[in-house]
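K.L.:
I'd like to ask you about the structure that follows.
The values are calculated or read from the model by the stated rules, or taken from the named source; none is laboratory data. Keep in mind the model is a prediction, meaning the values are calculated, not measured. Methodologically, a virtual Cβ is constructed for each residue, glycine included, from the backbone with ideal geometry; neighbour enumeration extends over all protein chains shown.
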Amino acid sequence: MSDRKTTDEIGPLLGPADVRELAAALGVRPTKQRGQNFVIDANTVRRIVRTAQVRPDDVVVEVGPGLGSLTLALLEVADRVTAVEIDDVLAAALPGTVAARLPERADRFALVHSDALHVTELPGPAPTALVANLPYNVAVPVLLHMLERFPTIERTLVMVQAEVADRLAAGPGNKVYGVPSVKANWYAEVKRAGAIGRNVFWPAPNVESGLVSLVRRAEPLPSRVSREEVFAVVDAAFAQRRKTLRAALAGWAGSAAAAEAALVAAGVSPQARGESLTIESFIAIAENKVPAADAADQEPTR
C-alpha cells in the first residue's frame, strides 16, 4: 500500500513519500552524528503546533528544521518562522521547499544557516516562541542557550528523547531530577506535554520521544547573584550527586567548611543532596558563598 497521502488530506505538509523523495533528490541520509530523525507524519506536526499554542501573531524560531515537516505546519499558523539549520544541504534546500509548497507564506520565512549553539541574533522581529524537534544529541544545551539568548521567547515546546523530557520536567525528589531540570526551571515552568511514537519518524529512532512545554516566568526569579554563579552551584551539586552537599560543594566553595557555612546561611542542611533542592535553594546557596578563609570562624560547633 502506498504511503503517499493526497494533497486534500495533508495540504502543503510533507507526507512519508514526500520526505523520502526530497531526501533522495538531495542525496540526504539522516545521520546519528547530528541526531537527525525526520518527522514524516502531517498529523504529528499539526499536533505539535496545537500543543505549542502557536498564535497568528507569533514569531516562532525552530531549531533543526531538517526537510521542513514542522516548518510548514508552523508557517500555516504563525506570523513568521525563522529556522536555524546547521546542515549545508538541508539549509540550502529548505527555502525552496517552503516556496514550492506554501508560496503565499514564503515571505514570512527566514533561514539562519548556523549551529544553534552559536546563534546570538535572529533576523526580523524578536521571537515569541520556540517550537522544535531538537537534535537529540544536543537538545539540552541548545534549549538552554536559546532561552538565555532570547528572553522574548515566552513559550517553548520541544520534542526530545523521552528520557530527556522526563529529566527536564522532573521536580525535586524525583530520581531523574538533575542539572537539566534545575537550569530549565531557572527560566520557566516546565512540564511534560505528551508522547510521540517512533513510527512518525524516518528513520525510526531506537528511543521513545516526548514533548516538553516551557512557559517563561513572568518575572525572573529574585537573585542577588548572576545566573552563572547559580549554575556553578548546580553543576557542583550534581557532579557528585551521591555525596552530601557539604562534600559535593567543597570544591566550589573552596573547602568543606566554606560549603557548610554557605549552606547553613541559606537554610539548607549540609547533609542534604542536590536532588532534594529547588532552584530557589540553589540561588540562596550561591548568594551566601563566603571566602574559604572566613568559613572556619563560621563552622558550627558539633
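K.L.:
Of the numbered conditions (1) modelled with pLDDT of 95 or more; (2) over 19 Å from the mean Cα position of the chain (by Cα); (3) under 24 Å from Ala42 (Cα atoms); (4) hydrophobic (A, V, I, L, M, F, W, C), Trp202 satisfies every one except a single condition; which is it?
P.N.:
Answer for Trp202: the failing condition is (1).
Residues are listed down the side, and each one gets a yes or a no for (1) touching a His at 6+ places or on another chain (Cβ under 6 Å); (2) outside the structural domain of Asn37 (by TED's automatic domain parsing); (3) not hydrophobic (A, V, I, L, M, F, W, C):
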| position | (1), (2), (3) |
| --- | --- |
| Val160 | no, no, no |
| Arg167 | no, no, yes |
| Tyr187 | no, no, yes |
| Lys191 | no, no, yes |
| Phe201 | no, no, no |
| Val233 | no, yes, no |
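K.L.:
Taking the stated definitions as given, is Leu75 modelled with pLDDT of 95 or more and closer than 15 Å to His113 by Cβ?
P.N.:
No; evaluated as a whole, the condition is false for this residue.
K.L.:
Follow-up. Please specify each residue of segment 132-186 satisfying the condition of being closer than 25 Å to Thr71 by Cα, of a type in the set (Ser, Thr, Tyr) and in contact (Cβ under 8 Å) with a residue 40 or more places away in the chain.
P.N.:
Of everything in segment 132-186, those that are closer than 25 Å to Thr71 by Cα, of a type in the set (Ser, Thr, Tyr) and in contact (Cβ under 8 Å) with a residue 40 or more places away in the chain turn out to be Tyr136, Thr156.
K.L.:
Quick check on my filter: what residues within segment 278-291 are farther than 12 Å from Lys183 by Cα and modelled with pLDDT of 95 or more?
P.N.:
Ser281, Ala284, Ile285, Ala286, Glu287, Asn288, Lys289
K.L.:
Can you pull out every residue in segment 78-122 that is of a type in the set (Asp, Glu) and either part of a strand (DSSP E or B) or outside the structural domain of Pro135 (by TED's automatic domain parsing) (or both)?
P.N.:
Glu85
K.L.:
Across segment 134-156, what is the total count of residues that are surrounded by 17 or more Cβ atoms within 10 Å (Cβ to Cβ), assigned to a helix (DSSP H, G or I) and out of contact with any helix residue (DSSP H, G or I) (no Cβ under 8 Å at 6 or more places or on another chain)?
P.N.:
The number of residues fulfilling the criteria is 0.
K.L.:
In segment 230-244, which residues are touching a residue at least 40 places away in the same chain (Cβ under 8 Å) and crowded, with 17+ Cβ neighbours inside 10 Å?
P.N.:
Once the filter is applied, which keeps residues that are touching a residue at least 40 places away in the same chain (Cβ under 8 Å) and crowded, with 17+ Cβ neighbours inside 10 Å, segment 230-244 yields Val230, Phe231, Ala232, Val233, Val234, Ala237, Phe238.
K.L.:
Right, next: Are any residues in segment 64-77 among the aliphatic types (A, V, I, L, M) and either part of a helix (DSSP H, G or I) or more than 18 Å from Phe38 (Cα to Cα) (or both), and if so, which ones?
P.N.:
Leu70, Leu72, Ala73, Leu74, Leu75, Val77
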